[in-house]
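A short write-up of the structure that comes next.
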Ligand SMILES: [Zn+2]
């Protein structure tokens, strides 16, 4: 709570304050200034949260600032008075100019004044400053001077490339070169006959083209060769510095890690890029290319995906993978045909080898849809039902060549999670979990094992409020109250953290699985970027990835809005690590916005923290009442 001791408060402010106090209070002031736990309630203070440093590089037209002071002080940003909230927070938007924009923070209380200035600089201004200092040190010819000294030249312009590029048959390479304006520029793969012409762009001297790798190109590696051709002879040439590989594909790759997953595309965001899902160890993949640390995987004629290269061992040699015909399929209930669980059905599909798969869930009808790649239906196979109580029916469809789809119709109102693994050889096993059975109708959470995840922690502060409060503090406070209320409701609670420790996402998932938790609620508090007005963006939100867990997110969203929060929204297919597990229902609750000064006050208030926790407990009771099994249902199940 003592925000002035926070590292977010600029040291200069603190020193200024100490000097001020010393001069006013004399000997007593000296004593107080050296006491780090002194009360600050009557003294003027200024803490700047955004910008985080004295000088910040920034290129957008709006920038949000956030700071805090004594709640009764007046605050001014660049001379304009702004509202000081009851927490002492104040925020505003500034509009950066061309080169350097000062932001002056001034706070005034009973004749005392504190002022601090921070600066935004544009990237081009920063660059011009550094190039001035560079040219002072080492006078050199500028690029244009060099160019004018040489009549004919050509060079590659692919500075964005990295070393790991491997292009398969018919794939397209984007080429870009700088050369003498108004000439003919050609490119070719080394040792290839095939030359293509580049086209000059609207900027003179810039040339681009798309080059397709020949279908039957043998394996090769090196830099692309560029040349400027005159009417009769070559005038200039150069080899590209970007080393690439081409041809020699497809290759077979074997998944070597239990952490492996398939990415949908090449791009990535702060959460690591959208994913199709995890892949079991030993799965065989057809590798058709490589970019930026990811192999391109051909799943079926119309679908490819990407996988981090570290998860794949390439097999020697070049060959096309063999197709597999599906064998018999058996569905077994607990205690039958290799099913040693007491709360799962297991679907076993004989495939002969470990093929890649993508799984998704749907509601209405309530299904799990498994696409197996490299498999073709053998019309002679049988489905054997063996006391499977959680599955109504299994349907199948050959979607296209090499893409066999199994559709699992769930018998209960919900399944309670699913998982895929490969047993011996190519036996695919899909485990589908029954809903838990309510033990006490008056207290449906009795003995339910529920995981609570307090977002962030340790060196990961999460988002920042204008008072300097960190998201990790708020999420822990709410999570602890949630733990208390859940235990009062009879649940057994698994906390991913109970103190300010740093945890990797995989460690959080491990804690949840080791404790056999049957459901997860992850608690966070939202924030906006630098270019949005923090007063405009607020409200509560709930996030899920798999359609099967949308109803859980819906009930959380509804319960949080009952507290009067605005609607930030319900978001599906969300790429958050703890929304990725399929083996237990999970939800991410973004309680409210840390960056909004009004919501920050609510997030900081222990009374509201408890109310939020109580709403989440009510939501869980509602969810279990609706989707868990009641005792009479489980009696039927055990018949
Ligand atoms: Zn967060």
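If the condition is being surrounded by 22 or more Cβ atoms within 10 Å (Cβ to Cβ), outside any loop (DSSP other than H, G, I, E, B) and more than 24 Å from the chain's Cα centre (by Cα), then the stretch 349-360 contributes only 349. Scanning the stretch 496-544 for residues that are assigned to a helix (DSSP H, G or I) and within 15 Å of the ligand (Cβ to nearest atom) yields 505, 508. Residues that are within 10 Å of the ligand (Cβ to nearest atom), surrounded by fewer than 19 Cβ atoms within 10 Å (Cβ to Cβ) and part of a loop (DSSP other than H, G, I, E, B) within the stretch 451-461 comprise just one, 461. Across the stretch 361-369, a minimum of one residue is classified as surrounded by 15 or more Cβ atoms within 10 Å (Cβ to Cβ), touching a helix residue (DSSP H, G or I) at 6+ places or on another chain (Cβ under 7 Å) and either farther than 30 Å from residue 295 by Cα or modelled with pLDDT of 85 or more (or both).
Among the candidates 451, 477, 466, which residue alone is in contact with a helix residue (DSSP H, G or I) (Cβ under 6 Å, 6 or more places away or on another chain) and either under 27 Å from residue 261 (Cα atoms) or modelled with pLDDT under 95 (or both)?
Going through 451, 477, 466 in turn, the sole match is 451.
Within the option set 419, 401, being loosely packed, with under 15 Cβ neighbours inside 10 Å and in contact with a strand residue (DSSP E or B) (Cβ under 9 Å, 6 or more places away or on another chain) holds for one residue only, 401. Say whether the condition of being more than 16 Å from the ligand (Cβ to nearest atom), surrounded by fewer than 16 Cβ atoms within 10 Å (Cβ to Cβ) and more than 28 Å from residue 278 (Cα to Cα) is met by at least one residue in the stretch 545-562. Yes, there is a match, as at least one residue in the stretch 545-562 is more than 16 Å from the ligand (Cβ to nearest atom), surrounded by fewer than 16 Cβ atoms within 10 Å (Cβ to Cβ) and more than 28 Å from residue 278 (Cα to Cα).
When residues in the stretch 107-128 are screened for being out of contact with any strand residue (DSSP E or B) (no Cβ under 8 Å at 6 or more places or on another chain) and not in a strand (DSSP E or B), 5 of them pass. Scan the stretch 383-395 and give yes if some residue there is without any contact (Cβ under 8 Å) to a residue 12 or more places away in the chain and outside any loop (DSSP other than H, G, I, E, B), otherwise no. Scanning the stretch 383-395, I find no residue that is without any contact (Cβ under 8 Å) to a residue 12 or more places away in the chain and outside any loop (DSSP other than H, G, I, E, B), so the answer is no. Among the residues of the stretch 309-324, those that are without any contact (Cβ under 8 Å) to a residue 60 or more places away in the chain and either in contact with a strand residue (DSSP E or B) (Cβ under 6 Å, 6 or more places away or on another chain) or assigned to a helix (DSSP H, G or I) (or both) comprise 310, 311, 312. Take the conditions (1) within 16 Å of the ligand (Cβ to nearest atom); (2) more than 21 Å from the chain's Cα centre (by Cα); residue 567 misses just one of them, which is (1).
Please enumerate the residues belonging to the stretch 570-607 that are part of a strand (DSSP E or B), within 16 Å of the ligand (Cβ to nearest atom) and without any contact (Cβ under 8 Å) to a residue 40 or more places away in the chain. Correct list: 571 only. With respect to (1) within 16 Å of the ligand (Cβ to nearest atom); (2) at pLDDT below 95; (3) closer than 23 Å to residue 417 by Cα, the lone exception for residue 437 is condition (1). Per the listing 472, 480, 413, the residue uniquely more than 25 Å from residue 344 (Cβ to Cβ) and either in the same structural domain as residue 47 (by TED's automatic domain parsing) or more than 16 Å from the ligand (Cβ to nearest atom) (or both) is 480.
The values are calculated or read from the model by the stated rules, or taken from the named source; none is laboratory data. All values derive from a computational prediction rather than experimental measurement. Ideal geometry is used to build each Cβ from the backbone, glycine not excepted, and the neighbour counts take in all protein chains shown.
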